Amino acid sequence: MKKTKSGKRPLVLGLVLAALAVVLVAGTLTWLLVEDMPILSRNMFLANFDAYAEVYFDGSTNPEQYRNADGSISIDFDKDAENKIDKLRVDIHQKGRGAHYIRVKMVESWLDSNGKVLHVNKAIPYNIPSLGQENSWFDNRAEDSSVYLAQKLGGLTASNSVYTKHEFIIEGFDFAAFDGVRPKDSSVSLKVAFIVEAVQVNRFPQFWGIEKLPWEDN
């Protein structure tokens, strides 16, 4: 499917965890368990690498209008809506000389008519190919709600001023799974967020809590 993007400034979700230095990051994702979305525009890194998610809608002429003050994206599920959930697209951009890995978390938050959060799902049912090979995305959502880029990024020859785009591949959307978590109240609304985490290559056990990279199991 051809993707049409607005010439306006893209939607940027910038919660970035980077561990090139010893940084205390415990609790930075606790918002997933509380009744609000985070301020996603803040950056939390002490390193010479950076990453962010560019979020837009296929065919949208002004995707910025769906961005909220907290950095989340308002989603509709009406079949004719410009910001219908299955039209959402994501590109990941990163730069920096510090050798690092990145992963992406997808989160959806359902709100009632008064704006109170009803519940938060730590996954969104997009169909993402889990190729599990070098330079591809690896779908590990069943284990930790994350999709990993199976590629070591950065390094001494990398640029710390120019971003490289990595297309976040979405092959489709599972409406049956989506309807299974969608509240039946017709007055509910939906916000989503894509969170990019970057971590130094030798610090992923410390900051991501995993002993080895997911694609190394295959």
| said: Being within 25 Å of G155 (Cβ to Cβ) and either part of a loop (DSSP other than H, G, I, E, B) or at pLDDT below 85 (or both) is the requirement here; does V22 meet it? | reply: yes
| said: Regarding region 41-54, can at least one residue be identified that is surrounded by fewer than 21 Cβ atoms within 10 Å (Cβ to Cβ), within 17 Å of Y126 (Cβ to Cβ), at pLDDT below 90 and over 17 Å from the mean Cα position of the chain (by Cα)? | reply: no
| query | Among the residues of region 203-218, which ones are surrounded by 10 or more Cβ atoms within 10 Å (Cβ to Cβ) and either in a loop (DSSP other than H, G, I, E, B) or in contact with a Cys (Cβ under 7 Å, 6 or more places away or on another chain) (or both)? | reply | R203, I210, L213, N218
| Can you name the condition, by its number, that N218 falls short on among (1) modelled with pLDDT of 85 or more; (2) farther than 30 Å from V117 by Cβ? | (1)
| message | Looking at (1) within 16 Å of F77 (Cβ to Cβ); (2) touching a residue at least 40 places away in the same chain (Cβ under 8 Å); (3) part of a helix (DSSP H, G or I), which one does E143 not meet, given that it meets all the others? | response | (1)
| task | For residues that are in contact with a helix residue (DSSP H, G or I) (Cβ under 7 Å, 6 or more places away or on another chain), surrounded by fewer than 19 Cβ atoms within 10 Å (Cβ to Cβ) and not charged (D, E, K, R), scanning just region 122-150, find the one that is farthest from I210 (Cα to Cα). | result | A123
| query | Of D179, D185, which residue is of a type outside the set (A, V, I, L, M, F, W, C), out of contact with any Lys or Arg (no Cβ under 6 Å at 6 or more places or on another chain) and assigned to a loop (DSSP other than H, G, I, E, B)? | reply | D185
| Which one of Y126, Y101 is closer than 28 Å to G155 by Cβ and modelled with pLDDT of 90 or more? | Y101
| task | Any chance you could count how many residues in region 71-103 are crowded, with 16+ Cβ neighbours inside 10 Å and without any contact (Cβ under 8 Å) to a residue 60 or more places away in the chain? | result | 4
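The values are calculated or read from the model by the stated rules, or taken from the named source; none is laboratory data. Since we're looking at a predicted model, the values are computed, not measured. Positions of Cβ are backbone-derived with ideal geometry, glycine not excepted, and every protein chain shown enters the neighbour counts.
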